[in-house]
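The values are calculated or read from the model by the stated rules, or taken from the named source; none is laboratory data. The structure displayed is predicted, hence computed values, not measured ones. With ideal geometry, Cβ positions are generated from the backbone for all residues, glycine too; neighbour counts draw on all protein chains shown. Please note that ligands, DNA and RNA were not included when accessible areas were found on the heavy atoms of the full protein model with its side chains. Shrake-Rupley method; radii C 1.70, N 1.55, O 1.52, S 1.80 Å.
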Amino acid sequence: GTYLTGKGSWDVTVSSSKVKTDPYVRRPIDNDLEQIWHTDYTNEGSTITSKINPPHYVDITFPEARTFSGLVYVNRPSGTAGNPVKYLIYASSDDSDNWVFVESGTAEVGVAKFETLFSSNITAKKVRFKIVESKEGYGSCAEIELLVPNSGKETVDLKDYKSLTKE
């Protein structure tokens, strides 16, 4: 396939979550497009009384470094609250939070999914999708996929990666 496999062994950390338990937090990588992750908020009935504003993030950590060529972000299937508008992608070559900027982009709110292709294949132990601006200020995600290495592109060390965009 076109996506990296082995999601069952990946770990996920999020900036905030409506539900704090593991099955809910793992929703960005659970292969179920109907189950979404959503940032935390409080409500009284149907009235939202507070929420955490962006930036929001989803971090994925692999058991060992993986090589990939891009990222596909699948928005929630119902509604648009939390859909990313502006985003940044970072990666780390180890378990630390020594993030290296990889790419930035904008997304149309109403699309089902969008893809960010990297200028080179990269190898990383961790990847961060950071929502800088979103619909209604929430964060939500149905699924994040990472694209297998592109045979037409060179694989570069993360520290040598050159983005075609700016942070």
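Taken together, the residues in the range 60-90 that are within 11 Å of the chain's Cα centre (by Cα) and farther than 19 Å from D30 by Cα amount to 5.
Would you mind stating whether E133 is open to solvent by less than 20 Å² (accessible area, probe 1.4 Å) and touching a residue at least 60 places away in the same chain (Cβ under 8 Å)? No.
Among the conditions (1) open to solvent by 20 Å² or more (accessible area, probe 1.4 Å); (2) under 17 Å from P28 (Cβ atoms); (3) of a type in the set (A, V, I, L, M), V127 misses just one, which is (1). Scanning the range 9-39 for residues that are more than 24 Å from V132 (Cβ to Cβ), open to solvent by 70 Å² or more (accessible area, probe 1.4 Å) and among the acidic types (D, E) turns up D22, E34. Just one of the listed residues (T67, T42, T49) is over 15 Å from A142 (Cα atoms), part of a strand (DSSP E or B) and open to solvent by less than 50 Å² (accessible area, probe 1.4 Å), namely T67. When the test is whether a residue is touching an Asp or Glu at 6+ places or on another chain (Cβ under 6 Å), of a type outside the set (G, A, S) and over 15 Å from I144 (Cα atoms), K18 passes it. If you go through the range 52-64 and keep only what is open to solvent by 30 Å² or more (accessible area, probe 1.4 Å) and touching a strand residue (DSSP E or B) at 6+ places or on another chain (Cβ under 8 Å), you end up with I52, P54, P55, Y57, E64. Scanning the range 52-64 for residues that are of a type in the set (A, V, I, L, M, F, W, C) and assigned to a strand (DSSP E or B) gives V58, I60, F62.
Per-residue answers, yes or no, for (1) under 26 Å from S16 (Cα atoms); (2) assigned to a strand (DSSP E or B); (3) at pLDDT below 95:
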site	(1), (2), (3)
G110	yes, no, yes
T116	yes, yes, no
S120	no, yes, no
R128	yes, yes, no
E145	yes, yes, no
